[in-house]
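For reference, the structure discussed in these notes is given below.
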Amino acid sequence: MRIIGAKTVKTRKVHNCVGCERNIPAGTKMNVVTYTDGDIFHAYWCPVCQHILDETLIEDEFIPEGEVRNGNREYWEKIRREVEDGKGKEICP
Ligand SMILES: [Zn+2]
């Protein structure tokens with residue numbers, strides 16, 4: 001599994017975040033990472049999970065789906081409140 005690209009997009013449809021498995025509504029800025037292991041596929045990260053990845057520097061590791069939230073729910077919830085409630089960047093109304 002190799003990362004071949006990453007960019008931030010404003011989504012035009014609902015995407016499932018690979019970090020927390022929430023359905024993130026269209027119009028949210030999400031980080032899209034393109035991987036290849038022969039086939040190419042995309043992983044969408046919501047701002048909360050991206051924030052945690054940035055802080056913990058595990059972005060090059062392979063992370064099982066939902067693991068960013070399930071791995072440490074209290075910490076994830078704390079960051080969610082900071083990111084989504086704290087700065088007016090609402091994601092899930
Ligand atoms: Zn997420």
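The numbers here are math on the coordinates, done by the rules we state, and not lab data. Because the structure is a prediction, the values reported are computed rather than measured. Positions of Cβ are generated from backbone atoms using ideal geometry, with glycine treated the same way; all protein chains shown enter the neighbour counts.
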Listed peptides 63-72, 33-42, 13-22, 46-55 by packing density, highest first (mean Cβ within 10 Å): 46-55, 13-22, 63-72, 33-42
Which number comes out as Rg/Rh for region 2-87 once both Rg and the Kirkwood Rh are worked out on C-alpha atoms? 0.95
Fully extended contour minus Cα-Cα distance, from N23 to R2, at 0.36 nm per residue: 5.1 nm
FRET efficiency (D37, N72; Cβ distance; R0 22 Å; to 0.05) is 0.25
For region 2-87, please report how many Lys pairs fall under 18 Å Cα to Cα, leaving out neighbours fewer than 8 apart on the same chain. 6
Taking alpha-carbon centroids only, region 67-83 lies from region 27-48 a number of Å equal to 19 Å
Computed, not fitted: 222 nm per-residue ellipticity of the chain from DSSP H runs ≥ 4 (each -39500 (n - 2.57)), nearest 500, equal to -6000 deg cm²/dmol
Expressed in nanometres to one decimal, the distance between label points 7 Å along Cα→Cβ at E65 and R12 is 2.4 nm
